[in-house]
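The values are calculated or read from the model by the stated rules, or taken from the named source; none is laboratory data. Treat the numbers as computed from the prediction; the structure is a model and nothing was measured. When we count neighbours, we look across all protein chains shown, and the Cβ atoms used for this are built from the backbone with ideal geometry, even at glycine. Areas reflect the complete protein model, heavy atoms only, side chains present, ligands, DNA and RNA absent. Shrake-Rupley method; radii C 1.70, N 1.55, O 1.52, S 1.80 Å.
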Amino acid sequence: MASDTDGRQAEQTVHAGGRWSAAASGATRDIIDPADARPFAVVAEGDERDADAAVEAARRAFDEGTWPGTPVAERAALLRRVADLLVRDREELGLLESRDAGKTVEEGRVDVDCVADAFRYFADLVVGEGAGRVVDAGSDTVHSVVVHEPVGVCALITPWNYPLLQASWKIAPALAAGNTFIVKPSEITPLTTVALVELLAEAGLPDGVANLVTGPGHSVGARLAAHPAVDLVSFTGGLVSGTKVAEAAAPGVKKVALELGGKNPNVVFADACATEEGFDTAVDQALNAAFIHSGQVCSAGSRLIVEESVRERFVAELARRAALIRLGRGTEDGVKCGPLVSERQRERTEEYVASALAEGAVLRTGGRRPEPSEARPATGYFYEPTVLDRCHRGMRVVREEVFGPVLTVETFRTEDEAVALANDTEYGLAGAVWTADAGRARRVAGRLRHGTVWINDFHPYLPQAEWGGFGKSGVGRELGPAGLAEYRETKHIYQNLAPRPVRWFAG
Ligand code: NAD
């Protein structure tokens with residue numbers, strides 16, 4: 001049994017009411033390094049009993065504790081302390097995220113920076129607000145004000161691709177608004193969430209405000225979503241699980257926020273490639289859009305929609321550069337793409353590529369497991385960046401989220417055709433348009449039915465701008481003022497300063 005630095009035993013990853021414990025059943029789960037398929041940590045495999053205990057603690061902390069009524073300035077100060085602690089532990093957390101999720105350490109560090117920014121953003125946001133919005137009731141004897149209050153107990157359920165970041169986009173606004181919560185990370189990547197909950201305690205968060213249960217979705221996640229004492233469920237993950245969460249939460253009429261998948265178009269007009277510099281930039285960013293974190297990104301630009309006249313040159317150069325991407329363990333120097341998170345995820349990717357080829361797609365590069373090397377153990381879940389040309393909307397690989405390093409290529413001849421293709425998806429998370437024509441850029445951006453649209457860029461987001469999807473990419477928003485509003489109830493307080501009988505029923 002390994003022991004953590006603070007005395008917590010490794011498998012004591014259930015946190016309820018300020019106490020760390022093992023799972024009620026005593027069950028544990030090995031955490032696997034996807035670069036070599038070896039276990040490198042062990043956590044508690046919680047179940048419904050652990051979920052119940054955590055909800056009870058969160059409920060008590062909300063109903064009887066001090067946090068919901070703590071002055072906003074104090075809550076903000078705590079969030080800023082958390083940001084400082086994240087910066088202090090940047091190297092350790094970046095490394096942990098790399099080993100857990102397979103991403104490069106550099107990406108892990110960037111995630112930590114983004115997370116610290118999000119904590120600071122929500123601290124600034126709540127401090128900058130007034131105490132409520134006074135409403136003109138049309139009378140000198142009435143004082144009417146609209147105020148915001150915490151929702152209550154929040155269940156926060158997160159995926160494996162950006163474990164620390166997704167947890168923080170929920171935890172920071174939930175705390176800023178004065179809620180208590182139970183976080184349930186993905187069962188395969190829980191380690192940085194455990195570390196974050198430890199940092200919250202170190203920053204001085206009262207016991208019971210932050211609770212954590214590690215364990216599977218079908219037991220812990222499903223119980224949290226259905227639990228009658230939970231007021232809000234915020235879920236990030238796949239469409240199938242998200243639909244189940246919404247169903248489980250419906251009988252309790254809970255607030256539900258869903259951040260689901262995407263099938264994101266990257267639209268490239270020929271005019272963006274008219275100069276060598278423009279061409280180089282558009283190709284470079286198309287690579288980044290599709291292959292960062294081996295394509296395991298909800299907003300991955302996995303559909304390249306390129307103008308027919310530049311298709312051949314663009315795809316040839318893209319495929320050439322994709323073949324040069326250095327694959328390997330995320331902790332190795334010079335590695336640009338890590339493995340997929342699990343064998344299951346790699347097999348899924350292989351099935352999608354096989355189905356695309358059977359449906360007529362043309363393989364331009366990749367489409368296989370790479371040769372092992374010193375940086376790339378044979379047991380790791382590696383898969384080569386793959387470019388599939390001559391794709392069309394009839395193919396599964398174009399319609400469904402692969403969540404692997406697979407880029408499909410479709411072409412268009414007119415602006416209308418480009419927009420129609422880009423919007424022809426049940427999802428609507430993000431998309432980009434590349435063009436040198438400013439008018440066209442604004443026109444196309446205005447017509448894309450996606451929650452984030454980039455013009456001549458791909459992937460950046462800002463904590464002050466909302467993130468979320470149209471269509472089946474979800475319900476609600478994270479980040480920005482709307483990301484805080486998710487965690488609040490709105491109350492209208494109407495005060496009559498000179499009450500008198502109404503006499504409606506007087507004879
Ligand atoms: P997933 O849906 O399998 O799991 C997500 C979380 O839900 C995990 O913690 C899991 O244990 C839990 N879960 C599973 N079934 C559940 C159930 N019935 N009830 C309650 N909880 C349940 O997703 P994943 O494979 O971990 O992550 C990949 C997915 O996440 C992709 O579809 C990706 O697009 C999406 N994602 C979306 C965003 C976004 O911002 N929109 C961000 C990151 C990931």
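Here are the numbers for the structure shown:
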| read-out | value |
| --- | --- |
| So G439, is it within 16 Å of the ligand (Cβ to nearest atom) and open to solvent by less than 80 Å² (accessible area, probe 1.4 Å) | no |
| Long-range neighbours under 8 Å by Cβ, at least six apart or interchain, first residue at positive phi within segment 399-424, second within 15 Å of the ligand (Cβ to nearest atom) | F403/N161; F403/G261; F403/G295; F403/Q296; F403/A300; F403/Q345; F403/R348; F403/T349 |
| Unique match (being modelled with pLDDT of 95 or more, open to solvent by less than 10 Å² (accessible area, probe 1.4 Å) and not β-branched (V, I, T)) among G367, G328 | G328 |
| Strands (runs of 3 or more DSSP E) contained entirely in segment 1-116, each with at least 1 residues that are aliphatic (A, V, I, L, M) and in contact (Cβ under 8 Å) with a residue 60 or more places away in the chain | 14-16, 28-33, 38-44 |
| Number of the condition not met by A465 [criteria: (1) within 16 Å of the ligand (Cβ to nearest atom); (2) in a loop (DSSP other than H, G, I, E, B); (3) within 25 Å of R313 (Cβ to Cβ); (4) of a type outside the set (F, W, Y)] | (3) |
| Residues (crowded, with 24+ Cβ neighbours inside 10 Å and in a strand (DSSP E or B)) located in segment 117-167 | V153, C154, A155, L156, I157 |
